[in-house]
Every structure is written in structure tokens, then in C-alpha cells.
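Each value in this text was obtained by applying a stated rule to the coordinates, not by laboratory testing. Everything numeric here is computed off the predicted structure, so don't read it as measured data. Cβ placement follows ideal geometry from the backbone for every residue including glycine, while neighbour counts extend to all protein chains displayed.
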Amino acid sequence: MSIFKRGTAGFYYFDYVLNGVRHAGSTRKRTRREAAVFEYEHQKEARNGLTLSKLALPPGPARLTLGKSVARLYEERWSRTRTGAQVKARLEVVCSILGQDILLSEVTGEQLGALIAKLRDTGMAEATLNRYKAHVKTLLAVAQREWGAISSVPFIKLTKEPPGRLRFFTPAEETAILDLLRAGLPQRPQRIIGWNPYPEAADLFTVLADTGMRLMEAVELQSRDVDLGGNAIRIWKNKADIPRSVPMTGRVRAIIQPRLSQERVFLFTTQAQVSRVWAYVRRELPWVADACPHTFRHTTASRLVQNGVDLYNVQRMLGHSTIRVTERYAHLAPENLQAAADALNAMQHTDS
């Protein structure tokens with residue numbers, strides 16, 4: 001029996017899967033013995049196919065539709081996050097397939113399986129498909145545990161994603177990209193938007209390479225969030241919703257300091273503007289076809305690890321939500337393993 005305590009109220013919760021359907025919620029009991037009895041009765045009711053009415057969570061909006069639940073969860077949880085609009089857009093795709101007016105209580109495991117199959121048939125990558133699954137799981141879990149709209153959650157299994165090759169720029173590659181943007185620049189974009197985006201992008205990419213900031217964190221950076229005295233950039237709104245401070249290197253400070261008289265540090269206002277510049281880089285430098293502006297963030301992490309910075313501090317600088325994300329870069333520090341081998345060699349020499 002999977003019974004555990006959570007929260008400050010001291011209640012025990014249950015979480016189990018029966019015939020492919022996940023059942024989870026609060027037992028509203030404060031002792032393990034009482035919670036175990038509750039879960040036993042809950043499973044008994046579930047096996048008998050009863051309504052679970054007397055064992056379900058407190059009554060809630062039983063007529064809540066999928067479309068209304070997406071709008072509600074967006075307002076309650078995702079509207080204040082950087083990726084909230086993207087999450088909502090994905091769930092709206094789900095609504096277009098399953099139907100806006102379908103009741104959450106009527107969503108079955110078979111329907112979710114058909115949804116996943118239809119998304120996969122579009123050629124969607126497994127990593128992207130996992131994002132869709134995770135959003136749906138979150139929606140259903142909140143509907144059950146917080147809203148009381150459903151009594152159980154259909155089981156949704158995330159697919160194991162292949163690690164893939166971690167792309168980062170060498171110093172020579174970075175120099176080639178920045179030199180291209182600072183010389184031989186097309187003039188047409190400047191006539192359209194009033195300023196030349198190419199040298200602006202060179203400065204932006206330099207900051208990305210030396211700070212590990214996400215692209216939109218840098219694009220939306222405001223002068224008031226630059227602390228010259230502390231030699232740091234304060235990032236308040238980000239994907240992980242974890243405020244952090246990033247130290248400035250000499251060249252980052254040289255780029256940012258002259259711009260502090262304007263409200264925003266960079267002239268770019270949208271990701272699309274940066275994407276157009278990167279398209280020019282890809283045309284001129286075909287070897288960057290497997291890279292994108294986000295590769296500069298990987299570059300920062302890779303250089304930190306390769307130069308002996310421990311993973312905990314790399315996590316703090318990049319703002320990763322968990323250390324598991326940072327561990328993708330651990331293999332780039334082979335000298336750590338060599339030190340372990342040297343220690344074993346020393347022990348063998350002592351023993352002899």
C-alpha cells in the first residue's frame with residue numbers, strides 16, 4: 001500500500017494504480033493505521049466498480065469540462081510563468097482533439113492513448129510528446145487533488161528520452177560566429193527596423209556565452225536588474241521560477257554598462273528577431289546547422305564543468321530546477337575520473 005504523509009496539515013495520502021487507472025488523494029486521516037484502512041476500502045470499492053462516492057475526495061465541480069479546466073489552471077498556476085503561454089497552447093491542442101466540452105470525469109485512459117497516438121502520427125518528437133503528457137498529467141492531478149472534480153487519474157507513462165549529443169561551441173566556433181555578425185553585415189534589416197540587429201546579436205550572444213542565461217532572460221533584461229556594485233545580473237522571472245544572480249565577466253560588463261541609460265539592455269524585443277539573425281548565421285556558416293542560440297547556454301555549462309566548477313554551482317548559475325538537469329554535463333570533466341583512478345593507483349602502490 002502506497003501511503004505517505006505530505007503537507008503541514010499532517011494528513012496521509014494514498015497513491016496506487018489499479019487496472020491501468022491511477023487513484024490518488026487525501027485520506028483525511030492523521031494516523032497510518034487509519035489511512036491504511038481507508039486505502040484498503042478505497043481499493044475494494046474500485047475493484048467492485050462502485051462510484052467511490054463515500055470514499056472520494058470532498059465534492060467539487062463535477063461538471064468541469066476540459067476547456068474550462070485548462071483556462072482555470074492557466075489562471076491559477078501558469079499565467080505568471082514564462083512558459084505559461086506555451087503550456088496553454090499545447091493543452092489547447094489537446095482540447096481540439098478530445099473536445100473542449102468533454103467532462104474531465106469522462107476522460108478515459110483509452111482516450112488519452114488515442115490522443116498520444118494522434119500526436120505521434122504528426123511526426124512529433126518523443127521529447128515534445130512527453131511535454132504534452134506531463135501537462136495533461138498535471139491538469140488531471142490538480143483536478144483530482146485540489147479541485148475535487150474527478151476521483152481518479154488515468155495512468156499516463158512518459159517515454160524514456162534518448163540523451164542525444166550535447167552540442168556546445170568551441171572558442172574558435174564562438175569567435176567565428178561573433179566575427180561574422182560584426183563584419184560584412186547586410187543593410188536591409190537596418191532600414192526596416194531602424195537599427196542593425198547583427199552587431200546587437202553579437203553582443204547578445206556574448207552575454208549568453210558568459211552567463212548561461214536563457215535567450216529570453218537576456219532579451220527581456222532591464223537595466224534596473226543590473227547591479228554594477230555587486231557585479232551581478234539579477235534574474236527574477238525565469239522558466240524554473242527561481243530568482244537567481246549571475247556574475248558578470250569582464251566582457252559582459254563592458255557590453256552592458258554603456259547600455260544602462262536605456263530601459264532594456266538589448267534592442268531585441270522578440271525571439272523571432274533573434275531567430276532571423278540566426279538564420280543568417282546558418283546560411284553563412286553551415287557547420288552551425290545543428291546549433292541554435294540556446295547552444296550558448298550549453299556552452300557556458302560545458303566550460304564551467306571543464307574548468308573544474310562543481311555541479312552545484314553550475315546549477316545555481318544556470319538556474320536549473322534540479323541537479324539532475326545539470327548532471328548532463330558531468331561527463332565533460334574527465335579529470336575527475338582520472339583523479340579517482342590516481343587514488344586507486346596510489347592505494348595499490350601502498351599495499352605493495
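Amide H contacts of Thr27 (H built 1.01 Å from N, in plane; Pro and chain starts excluded): Tyr12, Tyr13, Phe14 sit under 5 Å, all sequence-distant by 5 or more or on other chains.
Remark: spin-label model distance Arg63-Asp225 equals 4.4 nm, labels positioned 7 Å along the Cα→Cβ axis.
Of the trypsin sites (Lys or Arg not before Pro) found in segment 102-178, the ones in coil according to DSSP and having at most 16 other Cβ atoms within 10 Å of their Cβ are Lys157, Lys160, Arg165, Arg167. Taking 21 Å as the limit for the C-alpha separation, the pairs Lys68/Lys133; Lys137/Lys160; Lys29/Lys137; Lys88/Lys133; Lys88/Lys137; Lys5/Lys160 exceed it in the case of Lys29/Lys137; Lys5/Lys160. Taking a point 7 Å from the Cα of Thr81 along the Cα-to-Cβ direction, the residues of segment 107-139 with backbone N closer than 18 Å to it are 127-139.
What aspartates and glutamates does Lys118 reach when the alpha-carbon gap must be under 17 Å and sequence neighbours fewer than 8 apart in one chain are set aside? Excluding near neighbours in sequence, the set is Glu92, Glu110, Glu126. Stretched out straight at 0.36 nm per residue, the stretch from Arg182 to Val309 would grow longer than its current Cα-Cα span by 42.6 nm. Taking 0.36 nm per residue of separation and subtracting the Cα-Cα distance, full extension of the segment from Ser245 to Arg145 would add 32.5 nm. Here r is the Cβ-Cβ distance between Ala134 and Ala330 and R0 is 22 Å; the resulting FRET efficiency, rounded to 0.05, is 0.35. Across all directions, the average flat footprint of the convex hull enclosing the Cα atoms of segment 171-335 is 10.1 nm². Using the Cβ-Cβ distance between Phe155 and Ile323 with R0 set to 30 Å, the FRET efficiency from 1/(1 + (r/R0)^6) comes to roughly 0.60. Estimated at 0.36 nm per residue, the fully extended path between Glu41 and Ala117 surpasses their Cα-Cα distance by 23.9 nm.
Between segment 204-258 and segment 98-137, how many Å separate their Cα centres? Taking the Cα centre of each part, segment 204-258 and segment 98-137 sit 37 Å apart. Say R0 is 41 Å: what FRET efficiency, to the nearest 0.05, do Ser105 and Gln271 get from their beta-carbon distance? Efficiency, rounded to the nearest 0.05: 0.60. With neighbours defined as other Cβ atoms within 10 Å of a residue's Cβ, the residues Met248, Met213 order from fewest to most as Met248, Met213.
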